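Q: Just passing along the structure, written as C-alpha cells.
Computed from the coordinates by the stated procedures, all read-outs in this text should not be read as laboratory data. Not measured: the values here are computed from a predicted model. Heads up, the Cβs are rebuilt from the backbone with ideal geometry, glycines too, and the neighbour counts pull from every protein chain shown.
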Amino acid sequence: MEWTRRDFGALCAGAVATAALVGRPGFAFAADDNGTQAAIDAFTGGAPVAEGGVDIGAPEIAENGNTVPIEVGAENAAAIMILASGNPNPGVVTFEFTPLSGARSASTRIRLAKTQDVIAVARLEDGSFAMARRPVKVTIGGCGG
Amino acid sequence: MSNVKPRVKVPKSAAAGEVITIKTLISHPMESGQRKDSKTGEVIPRKIINTFTATFEGEPVFKAKIEPAVAANPYIEFSMKVPGPGTLRFEWLDDDGTIYDLEKSIAAA
C-alpha cells in the first residue's frame, strides 16, 4: 500500500480532531515536545552546541509534506543529523562523512507532518557541535498549518 | 519485496582529485509504522530502508542512518572526492534484513 497524500492528510486530521475533542487545542502539536532535545543530547552526549555554522536548504513553503527536499551542509562536518521538531518522532536522517567525501553536504527528501522547524546538528571534525534551525511551512498534509 | 529498485547516477569517468556528485534513489514505500489500515484499524508495521552506505574500493565514502521521516523512494545526494579509478559500491539495508546493492565503476579521465 502506497503512502498517499490522502492517507497522510487523514492521519493529521485525526490528530486535530482528537485535540479538539479533549478540549486542548494543540495538545498533539506542542512545539519541541516530541523528544527533539533528547535526540540532540543523545547525538552530542550533552556537549555544548554552538548556534550557526550549519547550512539548511529547504523550501520556505512546502506544498506537500510527504516529500520536502532538504539539503544540509557544514564545513569540516564529520556527521550531520537532521531533526523534525514537529513530527511524531524527531529523527529524520543522519549523514556521516569520511575523508573521501567531497563537500560536507548532502540532500534528501523528508516527511513533515506540519509546519515546524527543521533542525540540523553537525558534529565537526574537531569534536565540537554546531546547529541551525529553519522553519518550513507545510500546506498539504500539514493540517492547514 | 515488490519492485524495490536501486538507481544511482555517477559520472562514468573522473580525474583523480575531482569532486563528483552522486545521486541515489531506491524505490521503496518507507512504511513509517505510524499509519493505520483504513479497513481494519490496525497499525501497518514499519518497514523502511534504515541504512545507506557508499564505499569506494572498500573504503567508506558516505553513510546515512535513516528514520521513517525520510520520504518514500528515498533519494540521497552527496559528493565524493575521487582518489582515482575504481568501483563504488552502494548498499541499502531494509528493516527486514534484505540488502539491496549496486556497483558503479569510475574510469580515469
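Q: Taking a quarter of the surface of the Cα convex hull of the range A:34-138, what do you get in nm²? Spell out each step's value before the answer.
A: On the way: hull surface 23.6 nm².
Orientation-averaged projected area of the Cα hull: 5.9 nm².
Q: Same structure again: Taking a cut-off of 26 Å between Cα atoms, list the lysines near A:LYS114, but don't count ones fewer than 8 places away on the same chain.
A: Candidates past the 8-residue exclusion: A:LYS137, B:LYS36, B:LYS39, B:LYS47, B:LYS65.
Q: Testing the spin-label approximation: label points 7 Å from Cα along Cα→Cβ at A:ASN76 and B:ASN3. State their distance in nm.
A: So the two model labels end up 4.7 nm from each other.
Q: Relative to 2.2 N^0.38 Å, what does the C-alpha radius of gyration of the range A:76-139 come to as a ratio? Two decimals please.
A: Values: Rg = 12.6 Å, N = 64, 2.2 N^0.38 = 10.7 Å.
It is 1.18.
Q: What number comes out for the charge environment of A:PRO99, summing +1 per Lys or Arg and -1 per Asp or Glu over other residues with Cβ under 14 Å away?
A: Values: positive: A:ARG104, B:LYS63, B:LYS81; negative: A:GLU96, A:GLU125, B:GLU57, B:GLU59.
That sum, taken over residues with Cβ under 14 Å, equals -1.
Q: Roughly how many Å is it from the Cα centre of the range B:21-75 to that of the range A:85-145, as a whole number?
A: The range B:21-75 and the range A:85-145 have Cα centres separated by 15 Å.
Q: Then there's this: Between beta-carbons, use under 12 Å as the cut-off and find the net charge around A:ASN76, counting Lys and Arg +1, Asp and Glu -1. Let's see the in-between values first.
A: On the way: positive: A:ARG104, A:ARG123; negative: A:GLU75, A:GLU125, A:ASP126.
With Lys, Arg at +1 and Asp, Glu at -1, the net is -1.
Q: Please compute the volume of the convex hull spanned by the alpha-carbon atoms of the range B:5-108 and report it per residue in Å³.
A: About 85 Å³ per residue, rounded to a whole number.
Q: Additional query: Quote to one decimal, in nm, the extra length available between A:ASP33 and A:THR139 on full extension: 0.36 nm per residue of separation minus the C-alpha distance between them.
A: Numbers: separation 106, 0.36 × 106 = 38.16 nm, distance 2.12 nm.
Taking 0.36 nm per residue and subtracting the Cα distance, the gain is 36.0 nm.
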